Amino acid sequence: MKVSRKKQVLDVVALYPEVSQIGDARLRQAVVEIWQELWAQSKWNDIGAVPTSAEIPYSNLPHTQCVVAMALNVADAFRKYHNIEVNRDYLIAAAVLQDASKVVEYEPGPGGKVRRTRIGKSYPHGFWCAHLAVQKGVPDAISHVMLTHSSSAAKFPDTLEGKILYYVDQLDVIGIHKDRWKKHLMIAKVEN
């Protein structure tokens, strides 16, 4: 008789201690629940085995942990040098959730390779997490960040929190993988 082992529940706050800094208790709880639901839906057994992407065979866990830390440091610098306040609850929630969909967008494949799941093939990166966030009553501004934080997104983030995450995410990818950017000769001015 085969004994099935139940997947261990993620300790989201142990993985991302910044979650405990979210002042809004409902938002803090939603962040934890979203991660736990995604983890329960995933085919992964080790959170450290989930890659940053199919092209970047580096664990997504330290990538996201670094993105969270860099985002908060940018927010601190904005406050210190420019007296600009960033919504820290939104920034932490969005930073912790921005790549959470990867646990259901990818799955372990044959030979240790990673492959896209049906969700990963059918929806843009971040959609599944944003979908759960909307169901849990997470503010739309946070779901928007999940949908726009990637360079592959169809839209650029609208909020300062989203823009911070967009750029620190790209910087971390440059650090762990390679620079995917190239400079063009023309710079276009954005009209307001």
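None of the figures in this text is laboratory data; all of them are computed from the coordinates on show. Note that the structure is predicted; figures quoted are calculated from it, not measured. Ideal geometry is used to build each Cβ from the backbone, glycine not excepted, and the neighbour counts take in all protein chains shown.
Values as computed for the structure displayed
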| item | result |
| --- | --- |
| Selection status of residue 26, basic (Lys, Arg), touching a residue at least 40 places away in the same chain (Cβ under 8 Å) and over 21 Å from residue 152 (Cα atoms) | yes |
| Residue satisfying all of: in region 13-37; part of a loop (DSSP other than H, G, I, E, B) and over 14 Å from the mean Cα position of the chain (by Cα); surrounded by the most Cβ atoms within 10 Å (Cβ to Cβ) among these | 22 |
| Any chance residue 40 is outside any helix (DSSP H, G or I) and aliphatic (A, V, I, L, M) | no |
| Some residue of region 115-135 being within 22 Å of residue 29 (Cβ to Cβ) and in contact with a Gly (Cβ under 7 Å, 6 or more places away or on another chain) | no |
| Subset of region 51-86 [touching a Ser or Thr at 6+ places or on another chain (Cβ under 6 Å) and either part of a helix (DSSP H, G or I) or without any contact (Cβ under 8 Å) to a residue 40 or more places away in the chain (or both)] | 60, 63 |
| Filter result for residue 48 (farther than 24 Å from residue 158 by Cα, without any contact (Cβ under 8 Å) to a residue 12 or more places away in the chain and assigned to a helix (DSSP H, G or I)) | no |
| Residue that is farthest from the chain's Cα centre (by Cα) [pool: residues in region 99-148 that are buried (at least 17 other Cβ atoms within 10 Å of the Cβ), of a type in the set (D, E, K, R) and assigned to a helix (DSSP H, G or I)] | 105 |
